[in-house]
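Below is one structure, written out as structure tokens, with a few remarks after it.
All of the numbers you see were taken from the coordinates with simple rules; none came from a lab. For clarity, every value in this text was computed on a predicted model and none was experimentally measured. For neighbour counting, all protein chains shown are included, and Cβ atoms are generated from backbone atoms with ideal geometry for every residue, glycine included.
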Amino acid sequence: MPYVIIKNMDKIEKKIKILLVDDDKMMRIYFRDIFWVHGRNDKYEVMIVSSLEEANEKIVDPLTKPDTIFLDVMMPVVGGNSSSEFHIKRCLDFISKIKQTPELSKTKIVIYSGQKDKSLQDAVNKLGVDGYLIKGELMPKEIIAFTDKLHESNN
């Protein structure tokens, strides 16, 4: 099991699986490296994907089903509509799907986006997201602290 670590022979701890969904390659690398640089690879397994389609594959596979999803809102679709409204609707639909699926409903969802629109924040909050972080407004150690706090009950 790649996500299990043994701290001592009496206690096996499962890593918390985090899935970042973001189309920006540099953002995916940056986010993954935050946890590595801050020595949190012992607690978190960070997976990265570049589309909602890839995310859908991860969330239904028992081996890759995340405990937490950090989700960008604006992600292009190959050959698809490029309007902001379309991207927001796709994001809201994805969140709704997770929250309405019994085996996924406890998955924590954090919006991690450059979108500062208050109406978008209100819309995702109504769906039950666990946080809304604006890209570029938090230092890496603040992202770690936020994630640690989000999972305090798991300790």
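Here are several values of Rg and Dmax of the Cα atoms in Å: (i) 16.8, 55; (ii) 15.5, 54; (iii) 20.8, 62. Which one was derived from the coordinates shown?
Computed from these coordinates, Rg and Dmax of the Cα atoms in Å corresponds to label (ii).
Would you calculate, for the chain, the mean residue ellipticity at 222 nm contributed by helices, counting each DSSP H stretch of 4 or more residues as -39,500 (n - 2.57) and dividing by all residues, to the nearest 500?
Counting only the DSSP helices, I get -12000 deg cm²/dmol.
What does DSSP give for the range 4-154 in terms of the percent of beta bridges that are antiparallel, rounded to the nearest 5? Mind showing how you got there, number by number?
Numbers: 4 of 22 bridges.
Once the DSSP bridges in the range 4-154 are tallied, antiparallel ones form about 20 percent.
Using only Cα atoms, tell me the angle between helix 84-100 and the longest principal axis of the chain; keep it within 0 to 90° and round to the nearest 10.
Relative to the chain, helix 84-100 is tipped by roughly 40 degrees.
Leu52: net charge of surrounding residues, Cβ under 13 Å, Lys/Arg +1, Asp/Glu -1, itself excluded?
Result for the neighbourhood of Leu52: -3.
Under a point spin-label approximation (7 Å from Cα along Cα-to-Cβ), what is the Ser105-Ser83 distance to one decimal in nm?
3.3 nm
Note down the net charge around Pro140, summing +1 for each Lys or Arg and -1 for each Asp or Glu among other residues with Cβ under 14 Å from its Cβ.
Values: positive: Arg32, Arg40, Lys135, Lys141; negative: Asp33, Glu137, Glu142, Asp148.
Neighbour charge sum, excluding Pro140 itself: 0.
If one takes the longest principal axis of the Cα atoms in the chain, at what angle in degrees, from 0 to 90 and to the nearest 10, does the Cα axis of helix 25-37 lie?
20 degrees
Determine the alpha carbon to alpha carbon distance for each of Lys14/Lys89; Lys97/Lys141; Lys97/Lys118 and list only those over 28 Å.
In this structure, Lys14/Lys89; Lys97/Lys141 lie more than 28 Å apart at Cα.
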